[in-house]
């Protein structure tokens, strides 16, 4: 049998107990990581390389042989097979200019380009101001503004929980959610007020526009845009699935709306530009617009607790391209400010992966991420969340 026919026969063959095979493979990889954590053995570089190769191989195999993987194989066009590089035992630098904001069990950290880190304090969610001069963070019943050294500039207190801070692009407003209400406060901590009630628990997104227009999700799944100063309605869509993510492109021409079942890109009037539905048995997770591009970097995983995940580049006029696949769960994807790199958070492997979009085969892996953002803990460290990579290039 010729090689091409053999490959087609293997891809079309039904594998007995495919889902069980995926789960057993995932348990095997997790056990290997638990038995020999890369971060604790920095000198065993060959072992690190083999661990990353094995994890990637299991992930690609699961995509190839599982029923859900077969659907994705038909749905995805070109694929990039990343080159295998040894995983680094520690984050010593960033591959692109800027600084990361990372939320951990201990609070938000700032990670500079040279790899140096600073813990800002015992806070929860955080977000950059437009030029990275300040950070908005939350604590029980509080919204706070901090400088990059961790000094508190002002606080706003609420009786209910506080979450999902979002700083306006001009730096003059901060929006946040409290007890199901969208609230807005001036960037000096004054004038705190309710803007909309009964909103969905999704971080709002400010339109890059001279007006203070903010977009949020209703509990019906509808998307609304209003002028935060005048209350004027700008647009409203019909009900739909409640999104996980709302994000504007830098120039304000496209709004990304990500729900588990669907990715939509809307124009500034709320009308659809393009959309993609997840294949059967799959769902979208984290997603980001790629700066300087019309494409979206999106995580696609199996429904429920992912047994394997993929990072895709999705655009309006071509099939999605698979950049990376692996066992378990991918948590977040964040582009560098210049759009040259993607940072992928691989929770199941306790790794961060930096993918070079100018050379998609190039992947820089860093192991032991949890312990690096929760040093000295006596319990298993929690995997951190990437809040943002600041700031947009100027000049």
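Every read-out reported here was derived from the displayed coordinates using simple, explicitly stated rules and does not represent laboratory data. All values derive from a computational prediction rather than experimental measurement. As a convention, Cβ positions derive from the backbone with ideal geometry for all residues, glycine included, and neighbour counts pool all protein chains shown.
Which parts of the stretch 96-128 would a label at residue 377 reach, counting a residue when its backbone N lies under 15 Å from a point 7 Å out along Cα-to-Cβ? Residues 102-109, 122-125 fall inside that zone.
The stretch 300-372 gives an Rg/Rh value of 0.97, both radii derived from C-alpha positions and Rh following Kirkwood. In the stretch 152-263, the ratio of gyration radius to Kirkwood radius, Rg to Rh, stands at 0.95 when only Cα atoms are counted. Our compactness index for the stretch 348-395, the C-alpha radius of gyration over the empirical 2.2 N^0.38 Å, is 1.49.
Note down, for the stretch 95-214, the three equivalent ellipsoid semi-axes (square root of 5 times each alpha carbon gyration tensor eigenvalue), biggest first, whole angstrom.
Numbers: eigenvalues 109, 55, 31 Å².
Each semi-axis is √(5λ); the values are 23, 17, 13 Å.
A simple spin-label model places pseudo-atoms 7 Å from Cα toward Cβ; at residue 124 and residue 233 they are separated by 3.1 nm. Using a ≥ b ≥ c from the Cα gyration tensor of the stretch 194-255 (square roots of the eigenvalues), is it rounded, prolate or oblate, where a/c under 1.5 gives rounded and otherwise the larger of a/b and b/c decides, a/b for prolate? It is oblate, given that a/c is not under 1.5 and a/b is not larger than b/c. Projecting label points 7 angstrom from Cα along Cα→Cβ for residue 139 and residue 220 puts them 3.9 nm apart. Counting Cα-Cα pairs of the stretch 248-395 in 5 Å increments starting at 0 gives whole-percent bin shares of 2, 9, 18, 21, 20, 15, 8, 4, 2, 1, 0. Please give the residues of the stretch 330-350, grouped as numeric ranges, whose backbone N is less than 16 Å from a label point set 7 Å along the Cα-to-Cβ vector of residue 361. So the set is empty, nothing qualifies.
For the stretch 175-329, the convex hull drawn through the C-alpha positions has a volume of 129 cubic angstrom per residue.
Residues of the stretch 224-247 with the amide nitrogen closer than 16 Å to a label point 7 Å from the Cα of residue 277, along Cα-to-Cβ, please. Counting only backbone N, you get 240-242. Computed over the alpha-carbon atoms, the stretch 99-390 gives an Rg to Rh ratio of 0.94, Rh here being the Kirkwood radius from the mean inverse distance. Using alpha-carbon positions, what is the distance between the centroids of the stretch 146-209 and the stretch 317-367, in Å? About 30 Å separates the Cα centre of the stretch 146-209 from the one of the stretch 317-367.
Got a sec? How would 273, 314 order by Cβ neighbour count within 10 Å, fewest to most? List each step's numbers first, then the result.
Values: 273 13, 314 23.
So the ranking, lowest neighbour count to highest, is 273, 314.
For the peptides 138-144, 113-119, 174-180, the ranking by mean Cβ contacts within 10 Å, running from highest to lowest, is 174-180, 138-144, 113-119.
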